[in-house]
1. On the given criteria, is A:K52 more than 8 Å from chain B (Cβ to nearest Cβ), at pLDDT below 90, part of a loop (DSSP other than H, G, I, E, B) and closer than 30 Å to A:K111 by Cβ?
2. Please state which one of B:A230, B:A255 is in contact (Cβ under 8 Å) with a residue 40 or more places away in the chain, more than 25 Å from B:L495 (Cβ to Cβ) and in contact with a strand residue (DSSP E or B) (Cβ under 9 Å, 6 or more places away or on another chain).
3. Checking A:M92 against (1) closer than 25 Å to B:G205 by Cα; (2) surrounded by 13 or more Cβ atoms within 10 Å (Cβ to Cβ): exactly one of these is not met. Which one?
4. When you look at A:K117, is it more than 14 Å from chain B (Cβ to nearest Cβ), charged (D, E, K, R) and touching a residue at least 12 places away in the same chain (Cβ under 8 Å), yes or no?
5. Only one of these conditions is not met by B:A107: (1) touching a Phe, Trp or Tyr at 6+ places or on another chain (Cβ under 6 Å); (2) buried (at least 21 other Cβ atoms within 10 Å of the Cβ). Which number is it?
6. Out of segment B:211-235, which residues are in a helix (DSSP H, G or I) and among the polar types (S, T, N, Q)?
7. Name the residue, out of A:I29, A:I96, A:I122, that is part of a strand (DSSP E or B), within 30 Å of B:E452 (Cα to Cα) and in contact (Cβ under 8 Å) with a residue 24 or more places away in the chain.
8. Of all residues in segment B:433-457 being away from chain A (no Cβ under 14 Å) and under 28 Å from B:R400 (Cβ atoms), which is surrounded by the fewest Cβ atoms within 10 Å (Cβ to Cβ)?
Amino acid sequence: MRKKKVEKKEVKSKTQHNQEPVLFEGETIFVIDNTEYRTTLSPKYINRKAYKPKDPKKLLAFMPGNIEEIFIKKNDLVKMGDKLLVLEAMKMKNEILSPFDGKVKQVFVNKDEKVVKNQLLIELH
Amino acid sequence: MSLKQKTNELKKRMQEALLGGGVKAIEKQVAMGKMTARERIIALVDQDSFHEYDLFVEHTGKDFDMDKKHLPGDGVVTGTGSISGHPVCIFAQDFTVAGGSLGLMHARKITKIMDHAMKLQIPLIGINDSGGARIQEGVNSLAGYGEIFFRNTQSSGVIPQISVILGPCAGGAVYSPALTDFVFVVENISKMFITGPEVIKSVLGEEISMEELGGARVHSEITGNAHFYALSELECFEQIKKLVSYIPWNNSKKAEAFPTKPPKSKIYSINKLFPTDPKQPYDVRNIIRSISDDSDFFEIQELFAPNIVIGFGRLNGETIGFVANQPLVLAGVLDVDSSDKAARFIRYCDAFNIPLVTLVDLPGYLPGVDQEHAGVIRHGAKVLYAYSEASVPKITIILRKAYGGGYIAMCSRHLRADFVFAWPTAEIAVMGPEGAANIIFRNEIKNAENPEEMRKQKVAEYKEKFANPYVAAANGYVDAVIAPEETRHFLIHALEISTHKSVMIPHKKHGIPPF
């Protein structure tokens, strides 16, 4: 979605309208189906999160917790389903398994480290 | 004992009970900026109309030394009264008594007044101000909540149910308000959440204040759980009084009719407020005010999904539910939130015999990954479901753009609008001219010597041919193309002749709406 701030002058000169266009606070141009609409944006729309495609090579903490154990180190070869580490979260020891056959590019956490949600733990390649 | 002595004893007992949690607890309540339960009721209902019941109810908790504790009225005030002459059943949790915690007898007082409301077929108002379940009473406290939720559901669509959040309302307790029709919140006072900041911090490590997690503003703007937002309790009570004036006592009655008053046409002049170019914004609420009695419009969920506007007004003295796309915000698109907001309101109006007037001006649905992933398909479907299902009089006015799926969803003829009117500025088409021309004339534009010039020409061609109300009118999808200033006249006539509308509804237990 393309949007840009409207400059007051620009709008006035562009409008071919029988009335003086009323300018509203926070107006922007909002494009739908190639049509540029003058409108404002809701706070919730402005604060929405942009979509980021998931990178399967990057393993993130699915919830905050504690790194109980790490079974691999940099440059280790791993098979799909191999145990990589244990993330203790909500009193559950969660085994993080390798999603595919590959090689450990980097381990970003240490044993007993507290991690937040979506923190990068391991990168494979 | 003489009668006088007996009466004096009663008065003494009452005085004690009416003090609730005692002077110190009341001082605490005041220090938090809150009124007491009885003060709230008195401020809400007509003067001298409140009659309290179950003042002497005692709790039945025995464990954890609870049997040694006396909790006056068991932490909730219940009774009946009237608001501008309309009878209501009411309960207000008393935070000064054991933090308004809900035990078995507390819940029984609430369910008793709820049963009254159903039997008497009058609205129920619940004022929530409670720390939650009374843990000492264990499963009896949970049973109490369950009994309340069941009655909320049974009463839904039969009598109006109004929830007022004037304090904490956390954990399971939030589900009673969520099951009711309208939720009122007050800045700095209302707090609603399933799990509080402390639990969230200990489990997830996320730090957030109560206000940011579940304060009045959050529920009014982000979650959509609340319908009315006020800065003070007194403002909140005024909003409740106003709401009660628009709605009927129950689903077999009509809302109170008022003397009709013309709109304030000097302030709300369509000519001044309405740009004909579909790409220009305006505030559709002013268009509603240019049509409604006395230019009155009582907006619901003003802060949530402001790209659609819903609320009550009157036409010829009768309550009307207005639904209108708001070109001022996000060009008036339908999205997840605005679909939810509109659909629920449409179902409310249908349940309580309130005719629907829909003002259409939208470019379609909001594109975006976040929308698709948030389920805009099933949420958007709610609007179609609600309009198709509604059997109250449905009148639609197409002001400007009515493109694609948005045209169908906004109470089109195809969803059984009784009357569809269009202003001469209406554009009823599959999409806007710019988008349509790009697709239909893709090859001509690509192969032209001057593609930009060709594109402009084709857009103009398409505009000329389709961006008007006459193609739809030629097919009978629009009943009449009317001048904007005739709108009120057409609406009132359409409503008058729809008074005895009756439609065949296929026999069913209930439908399966895309909740």
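The values are calculated or read from the model by the stated rules, or taken from the named source; none is laboratory data. Everything numeric here is computed off the predicted structure, so don't read it as measured data. Positions of Cβ are backbone-derived with ideal geometry, glycine not excepted, and every protein chain shown enters the neighbour counts.
1. Values: more than 8 Å from chain B (Cβ to nearest Cβ): yes; at pLDDT below 90: yes; part of a loop (DSSP other than H, G, I, E, B): yes; closer than 30 Å to A:K111 by Cβ: yes.
Spelling it out, A:K52 is indeed more than 8 Å from chain B (Cβ to nearest Cβ), at pLDDT below 90, part of a loop (DSSP other than H, G, I, E, B) and closer than 30 Å to A:K111 by Cβ.
2. Values: B:A255 fails: more than 25 Å from B:L495 (Cβ to Cβ).
Unique residue meeting the criteria: B:A230.
3. (2)
4. no
5. For B:A107, the failing item is (1).
6. Pass one, segment B:211-235, residues in a helix (DSSP H, G or I): B:211-214, B:216-223, B:233-235.
Result: B:S220, B:T223.
7. Details: A:I96 fails: within 30 Å of B:E452 (Cα to Cα); A:I122 fails: within 30 Å of B:E452 (Cα to Cα).
Answer to the check: A:I29.
8. B:E453
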